[in-house]
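Chemist: One structure, pasted below without further comment.
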Amino acid sequence: MKAPFTLGTVGHFGLAVARPSRSAEWFERALGLSLEFEFEDGVAVGNDNVTIALFKGKPSPETIGHMSFHLPSMAKLRKALEHLKRIGVEVEDPGDEIGPEAPGSANMGLWFHDPDGYRWELSVLGTQKPPRRKRPATAAAHGARRSRPRRPS
């Protein structure tokens, strides 16, 4: 049965974190979110698009896989990468941080973790397939030196 409605912008979601105030500071510094309100055993940070409720509890990053936020352009994605590196966030795939969300995907992204171990992605929606990387002729002939596949989004 088809639902008689369409989901809109994310209202909010909650994450268990070890220290809500520390996590809130990280989200403010890393992702530019602002303090929205405090509640018993937690704090909420957000912007016009989303609110993240950070409540005191045992972090469980394995339960969510990852959360992705879209950016408007590759230029903004590159600026985000520079910012995250500058403030000391460990970004996945050092030296090759920005890449397709999955093999053959036109969407480009980068992945990183917050202090509680949750995995985040910043991505740009693509309109065409990214160019394929060429392998050296000797490697192509022997099927060697395949690039690491990106983790699927």
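No value in this document is a laboratory result; all are computed from the given coordinates. Just so it is clear, the structure is predicted and the values come from calculations on it, not from any experiment. Cβ sites come from the backbone with ideal geometry, for glycine too, and all protein chains shown count toward neighbours.
Chemist: Taking θ as phi - 60°, what are the ³J(HN,Hα) couplings along the stretch 3-9 by the Karplus curve (6.51, -1.76, 1.60), each to the nearest whole Hz, with x for Gly and Pro?
Modeler: Taking θ as phi minus 60°, the curve returns 5, x, 7, 10, 5, x, 4 Hz for the stretch 3-9.
Chemist: When a/c is below 1.5 the answer is rounded, else prolate if a/b is larger than b/c, else oblate, so apply that to the stretch 1-59 with a ≥ b ≥ c taken from the square roots of the Cα gyration tensor eigenvalues.
Modeler: In terms of gyration-tensor shape, prolate.
Chemist: Now for a different question. Hey, what do the phi angles of the stretch 31-37 turn into as Karplus ³J(HN,Hα) couplings, whole Hz, using 6.51/-1.76/1.60 and θ = phi - 60°, x for Gly and Pro?
Modeler: Whole-Hz 3J(HN,Hα) from phi for the stretch 31-37: 10, x, 7, 10, 5, 9, 6.
Chemist: So if I take the centroid of the Cα atoms in the stretch 1-38 and the same for the stretch 42-116, what is the distance between those two points in Å?
Modeler: Rounded to whole Å, the Cα centres lie 13 Å apart.
Chemist: While we're here: How much net charge surrounds L33 when only other residues with a Cβ under 13 Å from its Cβ are counted (Lys, Arg +1; Asp, Glu -1)?
Modeler: Within the 13 Å Cβ shell, the charges total -4.
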